[in-house]
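To start, the structure under review is shown below, and the notes come after it.
Each value in this text was obtained by applying a stated rule to the coordinates, not by laboratory testing. No experiment lies behind these values; they were computed from the predicted model shown. Reconstructed Cβ throughout: ideal geometry from the backbone, glycine too, with neighbour counts over all protein chains shown.
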């Protein structure tokens, strides 16, 4: 076999949450497709934590997975709390994780390493640097995560999701930085509104009204559920609503929905979980009410959707609030920050539902921030630095 046909060896690291795991998986799939078209394979090793989401996702996707020890730094404004027993215990695990990571990198001999954040990325990324393997760091959020802040100085290239991130990079990393966007699952971009109507049986919807999709993520959000319940009759007079509430919340919300006026019930579809039909529901939606994680923002801007964001207050570094505020400043969304009431949600949704032109303008500004080709751009970066020996 000629040298040009040798499989490209890729180490992926990052995870703990879907925000780090799924962009990495999307990039891997895009790289595999790109090279398969050239008759070349990709040999992938995913290095993560034994308890992180990546430990389940990678093997399920047919990707070899190896765990290493790592520790989580529990941030606090009080320096004494940084020396908590849990922090000290986890910090002592980091050197052993670094030894494990270096051993894996040396044995596997990657042509390139992709780090997408999370604590496990630090020992693996630094091991890549010490073994002289090209390192690409990808940041999903507007502000740099703690792990990527450490790795940015060691990276061969830093890929970011927004131009707003560039000034926040360490000076030494700015010259290596490129704006790729945040990889979006291709299936999300291929939805069709009529398929959502057929799949979910939304025949009671009034298609002359706008449709609002409400989601709190896979597990649902009690905060978002309560906000929507607080304005539901008012909302259903103005819109159809698809409400993904989380499996644990479905029974309670169904009981509340049973008290709706009969003429409004047909405008409301409640479900605990959204599966393969998500792309079609997003295609049907004129406005989305959701959290503002990096993956959600990437999908909604790639699709060009007007959105009202209710950030998760406990997100690391308050990143969801920064993500939402960033788009609001551009007129691409509404951000409901701090303590949010049903009246706040009504005030945010009312102008969007009553004025189609306003919705259209916000959707267009959202699309300006979208990068549906982010995975392909990230593949370009990986291939540009990959070793070819």
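Some points to look at:
- Overall form of the stretch 186-368 per C-alpha gyration tensor (a/c, 1.5; a/b vs b/c): rounded
- Prolate/oblate/rounded call for the stretch 323-389, Cα gyration tensor, a/c under 1.5 rounded: prolate
- In this structure, residue 346 and residue 107 have a Cβ-Cβ separation that, at R0 = 51 Å, corresponds to a calculated FRET efficiency of about 0.30.
- The stretch between residue 164 and residue 96, if pulled fully straight at 0.36 nm per residue, gains 20.9 nm over its current Cα-Cα span.
- Only DSSP H runs of four or more residues enter the estimate; each adds -39500 (n - 2.57), and after division by the residues of the chain the mean residue ellipticity at 222 nm equals -13500 deg cm²/dmol.
- Residue-span extension gain [residue 251 to residue 222] - 0.36 nm each, minus C-alpha spacing: 9.1 nm
- C-alpha center-to-center spacing [the stretch 236-255, the stretch 18-64] in angstrom: 34
- Cα centroids of the stretch 155-196 and the stretch 349-389: 9 Å apart.
- FRET E, pair residue 380, residue 194, Förster distance 25 Å, beta-carbon r, rounded to 0.05: 0.10
- When the Gaussian network model of the chain links Cα atoms closer than 10 Å, the mean-square fluctuations of 371, 40, 157 top out at 40.
- Mean sequence separation of contacting Cα pairs (under 8 Å, at least six apart), scaled by the length of the stretch 296-389, corresponds to a relative contact order of 39 percent.
- In this simple spin-label approximation, residue 178 and residue 60 carry label points 7 Å from Cα along the Cα→Cβ vector, and these lie 3.1 nm apart.
- With contacts taken as Cα pairs under 8 Å and at least 6 residues apart, the stretch 186-368 reaches a relative contact order of 24 percent.
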